[in-house]
Amino acid sequence: QMQLAESGGGWVRSGGSLRLSCVASGSVIDHYHMTWHRQVPGKQRELIAASSAAGPTDYHASVKGRFTISRDNPRKTVTLQMNNLTPSDTAVYYCHAYHPDNIDGYWGQGTQVTVSS
């Protein structure tokens with residue numbers, strides 16, 4: 001079993017930066033695909049960044065060039081560095097872990113990011 005806890009959210013002005021962290025407990029993350037998602041009230045949760053267990057990363061077009069996902073397997077931590085933030089980035093950000101042995105994977109509780117103009 002695994003538990004995930006996000007942190008690092010907050011309030012910033014447009015053009016600012018935030019760094020989100022997702023710390024796992026109960027299991028190592030080495031063989032999990034780790035992803036970041038965000039959700040605005042009334043909208044579906046959206047995948048924005050992915051880090052595969054093998055190493056490759058991928059990003060939604062809306063955050064390419066601005067966000068960077070990275071992982072530190074020994075520390076059981078996944079990080080999302082967010083630069084050049086805009087008000088459209090305002091959302092609750094969630095961390096997710098997936099492994100083929102688990103159908104649903106694991107979700108964190110989310111952390112709020114608010115960007116003002």
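A compact table of results
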{"item": "Solvent exposure ordering (accessible area, 1.4 Å, most first) of 43, 76", "result": "43, 76"}
{"item": "Among 1, 84, 20 the positive-end extreme of the charge dipole of the chain (Cβ point charges)", "result": "84"}
{"item": "Carbon + sulfur, % of accessible area of the chain - ligands and nucleic acids excluded, 1.4 Å", "result": "50"}
{"item": "Accessible-area order (highest first, 1.4 angstrom probe) of the listed residues 71, 38, 45, 13", "result": "13, 45, 71, 38"}
{"item": "Cα-based equivalent ellipsoid, the chain: semi-axes from gyration tensor eigenvalues, Å", "result": "24, 14, 13"}
{"item": "In Å², nearest 10: area of residue 69 left accessible to a 1.4 Å probe", "result": "10"}
{"item": "Simple spin-label estimate for residue 3 and residue 83 in nanometres, 7 Å along Cα-Cβ", "result": "3.5"}
{"item": "Rg/Rh (Cα only; Kirkwood hydrodynamic radius) as it applies to segment 59-117", "result": "1.01"}
{"item": "Separation in nanometres of the label points that stand 7 Å from Cα toward Cβ, at residue 112 and residue 73", "result": "3.7"}
{"item": "Solvent-accessible surface (1.4 angstrom probe) belonging to residue 6, in square angstrom, nearest 10", "result": "10"}
{"item": "For the chain, accessible area per residue (1.4 Å probe, heavy atoms of protein chains only), Å²", "result": "54"}
{"item": "Top of 102, 84, 73 by mean-square fluctuation, Gaussian network on the chain, Cα under 10 Å", "result": "102"}
{"item": "Residue order for 33, 99 - accessible surface, 1.4 angstrom probe, largest first", "result": "33, 99"}
{"item": "Mean separation of Cα contacts under 8 Å (6+ apart) over length of segment 32-101, as relative contact order %", "result": "38"}
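The values are calculated or read from the model by the stated rules, or taken from the named source; none is laboratory data. In this text, all values refer to a predicted model and were calculated from it rather than measured experimentally. Note: ideal-geometry Cβ built from the backbone for every residue, glycine included; neighbour counts use all protein chains shown. Ligands, DNA and RNA are excluded from the accessible area calculation, which covers all protein heavy atoms including side chains. Shrake-Rupley method; radii C 1.70, N 1.55, O 1.52, S 1.80 Å.
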